[in-house]
């Protein structure tokens, strides 16, 4: 019991610490943005959204912010994926991985005795773009079975040729984390320490692990609001932060551009096309590209948005939204299941004032 108590106390301390000693610069918002920010917060309240924090940055400075919940390290959910992809980019730049590396070669020990068709074709690029060939996200199996997560991924039915069908796949991101650990000998959270956390002024964060001792990759990272802002500024500036190149510019460009078509988690690209063929289907308006930020395309573990923006996106409302045409970043932490409504309020109230 004493060990458990000490672990809990240490975890709570970790969650409360890690704030940068050199905060980002703050500047006064324009009257227009100040009014827009107040209008946005009122709309959040009117919508009963459980927003925990929001920060608006433009031209390198914080112009508006609100910390509603205590400023402890917040669960990132799938925003974690963007940081895993960043680690993959470093490993590729250092010659330790290649986009066309096959997962069966990287994880030979986990290949089933009778591998299914297409398994041998899955590459690092396919994992980055959610195009492994699965028709359904296999991640759930890790929550109900005590299993080898890598082997579970390999045994999940592969319905399509890799590279031909987008299907949101968090377990695929776990394989990316495992690949980085395999070729570097370090967990992703440690590998990023001197390459990302320190250059951005972020204290090394907590990241959940699998039973095999591998960072979960697709989820489980904890960061502060300002940590998200620092990453957002770095992405906005092509991988630079405070005048220094932190992430290779070419990798940021590849992460953030449209690599493949995309569709909301829970269905795959083929299913969407089938639904849209029915002209009477009610989903046609829901998936209208003019209104839906989940059908703008997918990069390397990042989503494209409307308004030529791109984002890191985590369940229940964790966002790093990068808006290059406005030289702006908006970050949020929250517990908001209706993420479409959450981002719409940002577009409606904040975007016009930037």
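The values are calculated or read from the model by the stated rules, or taken from the named source; none is laboratory data. Values in this document were obtained by computation on a predicted structure and should not be read as measured data. Cβ atoms come from the backbone with ideal geometry, glycine included; neighbour counts cover every protein chain shown.
Any residue at all in region 270-293 that's part of a helix (DSSP H, G or I), buried (at least 17 other Cβ atoms within 10 Å of the Cβ) and outside the structural domain of residue 229 (by TED's automatic domain parsing)?
Initially, region 270-293 is screened for residues part of a helix (DSSP H, G or I), giving 270-277, 283-286.
Subsequent filtering for residues that are buried (at least 17 other Cβ atoms within 10 Å of the Cβ) retains 272.
Narrowing the set further to residues that are outside the structural domain of residue 229 (by TED's automatic domain parsing) leaves 272.
Scanning region 270-293, I find at least one residue that is part of a helix (DSSP H, G or I), buried (at least 17 other Cβ atoms within 10 Å of the Cβ) and outside the structural domain of residue 229 (by TED's automatic domain parsing), so the answer is yes.
Exactly one residue out of 178, 249 is buried (at least 20 other Cβ atoms within 10 Å of the Cβ), under 23 Å from residue 126 (Cα atoms) and at pLDDT 95 or above: that is 178. Taken residue by residue, region 173-182 has at least one member that is more than 18 Å from the chain's Cα centre (by Cα), in the same structural domain as residue 123 (by TED's automatic domain parsing) and assigned to a helix (DSSP H, G or I).
Among the numbered conditions (1) without any contact (Cβ under 8 Å) to a residue 60 or more places away in the chain; (2) crowded, with 23+ Cβ neighbours inside 10 Å; (3) touching a strand residue (DSSP E or B) at 6+ places or on another chain (Cβ under 7 Å), the only one that residue 172 does not meet is (3).
As a summary of the residue check, residue 211 satisfies the conditions (1) surrounded by 17 or more Cβ atoms within 10 Å (Cβ to Cβ); (2) not in a helix (DSSP H, G or I) except for the one numbered (1). For region 253-267, state whether one or more residues are under 24 Å from residue 196 (Cα atoms) and in contact with a helix residue (DSSP H, G or I) (Cβ under 7 Å, 6 or more places away or on another chain). Yes, region 253-267 contains at least one residue that is under 24 Å from residue 196 (Cα atoms) and in contact with a helix residue (DSSP H, G or I) (Cβ under 7 Å, 6 or more places away or on another chain). Please specify each residue of region 329-347 satisfying the condition of being touching a strand residue (DSSP E or B) at 6+ places or on another chain (Cβ under 6 Å) and either more than 22 Å from residue 223 (Cα to Cα) or surrounded by 24 or more Cβ atoms within 10 Å (Cβ to Cβ) (or both). Selection gives 329, 330, 331, 332, 333.
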